[in-house]
Structure formats: structure tokens, C-alpha cells
Amino acid sequence: MFGLIEGTGVEVLDPRFHRVVPGSARVERLWTGARWSEGPAWFPAHRSLVWSDIPNNRMLRYDEMNGQVGIFRQPARNSNGNTVDPQGRLVTCEHGGRQVTRTEHDGSITVLADNWQGKRLNSPNDVVVKSDGSIWFTDPDYGIGSDYEGDKADGEIGHCNVYRIDPVSGALSIVADDFVKPNGLAFSLDESELYIADTGASHDPDGPRHIRKCAVTGDGASLGRSEIFATCSAGLFDGFRLDATGRIWTSAADGVHVYHPDGTLIGKVLIPEIVANVCWGGAKLNRLFICGTTSLYSVMTHANGATWPKR
């Protein structure tokens, strides 16, 4: 175990992890000053990272070329999860807006989904784009539970679902309705499975604190059987991403937990704050960006991030 910043380091739990993180690797704290950092998204064209600071109602931008951090958008409707679509546009889940939006190349914002059958969404949380252009997102109720991460309100749908936005018609459909509080999500490398975190234990000690692996059906537009892939041993899983070999790098209370595709926890990147989400970036997608509670961290790895969405 090692680290220059107090509380950081690498913990090897399986010999396979030695091949993942260089022995000389150090966790870097790139910036601090947030209340709750979330939703990192990497833009390779301009070598920058955009992420959300939910309670401060702003989005921040880190420039890898000069190390500077500035405001990307404020107010930001208490944005949470972000991703980038095949055209290089920012797709965002908004707690305050209770909607999923896309930022166009000219800076205008398009609302992609804000209601289910006439009832307002709860507070979209995390989002991914599939190779066919469809957008999949989770909709727990964290953003309407209080005024801290959004605007306190009563839910209209009465449940926390996982949704899909059709790439052609824009129609919204429910793909999963059996989660307590669906949270982070990511497709397997071949898109035959969708991993979804359930953070139901945030409000019920006996609630779920795991990632489920759900089969994508033959039509590519719905989900079938599912099973628990991993249960969190430190706090809760929140957001996560895959590397190019299918390993899952997921947030947890003590840092980033790394799982082999067979479900084995092989190692950890230790962070002295609760981690909410991660994403891959850098010129070779071998730099893992980590959103801790108040800070943005990164670590260089031997792994390369999976390219999403697939092209």
C-alpha cells in the first residue's frame, strides 16, 4: 500500500491487480472545493473533464493541458450524472430539472426526457449511451427528497425506475422497475448485459447495496434475467465504469473498488473521501478520474478505459 496524499494508495487483494496499476502510481488530488462531486465526463477533443457539484448547483471543468479548473455551467439545475454521446455532445441527468438533457454543439440545451406518461420524473441520476444511440438512465428520488440536491417535492410516478430513450422516436420506456434506488449503470463490452447499482441501503439499513447484472434482450431495447454481480463491502456502490478488458471500476465509501469480470474484488484505489463516480480520460484513456466528495482525483493505470459509446 502506498500514497503521497494521506489516505490514498493502492490495496492489492488478488495477484491479478498487480497488472492493473503501476507500482510507481500515485493518486493525485487535482482540485478541491466541492460539496458533492459527481458525474465525470471526458471530452477527448479538448482534453478536458466536466463534472457536477450537485449541492452547489454548478458544473465544473478541468483542463488537462494546464491543470486549471473553472465553472462550466452555473446554475446547472443540480446536475448529477453526465456522459458523452457518439457526436461528442454532453448528456446530463438533472435533479433540479427532473429531466435528462443534451447540450448541443452550439451550447443550446435539448430536453430528452422529463416525464413518464404525463407524470414528472423523480430526479434522473446516471446515464449511459448505447452504440445504437439509445440513452439509458436511472431515476431514483434523491433529488426530490430534500432541498440539498434539488428541490424537495413529492414523487409523481410512485416508483424508482430505469428508462430507455429510443434513438429514433425519442419515446421513453421502462426497462426495469424492480430496483429500490437504481443508481450507476454501464454496459458490458459487447452490450449484452447492463450493470446497474442499487443503493437502497441509503435509506434502509437492510436495503440493497449491490450491482446487478441484467441481460439485454435480443431486441437490444429491454432487459431480461438479472443476478447480483457484487455486494459493496464499504458503504454503497454509486457510479462506475468498465475498462477495455471488462473489469469494473466502481465507487465506494473508501475509494474505488476494482472487480474482475468473474465478480472477484481484485483491488482498491484508496481515497480519503466517499467516492461517487469515476471515468476514464487522458490521451490514451489510461487515466482514471475520480470524484470524491469534495475533490477531483486521478491515477494513472495499466488499464485503458472502454470506449463508450461503441462506434
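Ellipsoid semi-axes for the chain, based on the Cα gyration tensor and the rule √(5λ), read 27, 22, 19 Å when sorted largest first. Longest stretch of the chain clear of exposed loop sites (GluC sites (Glu not before Pro), DSSP loop, at most 16 other Cβ atoms within 10 Å, sites excluded): 192-311. Between the C-alpha center of region 278-305 and that of region 70-84 there is a gap of 19 Å. Annotation: per residue accessible area for the chain equals 39 Å², rounded to a whole number [probe 1.4 Å, protein chains only].
Residues whose amide H falls under 5 Å from that of Asn115, counting only those 5 or more places apart or on a different chain, are Leu121, with hydrogens built in the peptide plane.
Taking all protein chains as present, what is the carbon and sulfur share of the accessible area of region 264-311, in % to the nearest whole number, probe 1.4 Å? Before the final figure, lay out the partial values.
On the way: 830 of 1480 Å².
Here it works out to 56 percent.
Measuring nothing but how far apart in sequence close Cα pairs (under 8 Å, 6+ apart) lie, relative to its length, region 1-118 scores a relative contact order of 14 percent. Computed on region 175-269, the Cα convex hull volume stands at 88 Å³ per residue.
Taken over the alpha carbons of region 39-100 as equal point scatterers, the Debye sum produces base-10 log I(q)/I(0) values at 0.15, 0.21, 0.23, 0.26 Å⁻¹ of -0.41, -0.77, -0.90, -1.07.
Counting every pair of alpha carbons in region 251-311, the share spaced more than 20 Å apart comes to 27 percent.
Lysine pair count for the chain with Cα-Cα distance under 27 Å and sequence separation of 8 or more or different chains is 15. Put simply, the amide H of Gly267, placed in the peptide plane, has neighbours under 5 Å in Leu13, Val258, leaving out anything fewer than 5 places away on its chain.
Could you tell me whether region 217-272 comes out rounded, prolate or oblate from its Cα gyration tensor? Rule is a ≥ b ≥ c as square roots of the eigenvalues, rounded for a/c under 1.5, then prolate if a/b exceeds b/c, otherwise oblate. Taking the square roots of the gyration eigenvalues as a ≥ b ≥ c, region 217-272 is prolate. Evaluating kT/(6 pi eta Rh) at 37 °C and 0.692 mPa s, with the Kirkwood radius of region 151-201 over Cα pairs in the Stokes-Einstein relation, gives 258 µm² s⁻¹. Computed over the Cα atoms of region 1-145, pair by distinct pair, the Kirkwood hydrodynamic radius stands at 16.9 angstrom.
With an 8 Å cut-off on Cα pairs and a minimum separation of 6 or more residues, tell me the relative contact order of the chain in percent. Relative contact order, the chain: 18 percent.
The values are calculated or read from the model by the stated rules, or taken from the named source; none is laboratory data. Just so we're clear, the structure is a prediction, and the values are computed from it rather than from any experiment. Quick reminder, even Gly has a Cβ in these numbers, built from the backbone with ideal geometry, and neighbours come from all protein chains shown. Calculation scope for accessible area: heavy atoms of the full protein, side chains included, ligands and nucleic acids excluded. Shrake-Rupley method; radii C 1.70, N 1.55, O 1.52, S 1.80 Å.
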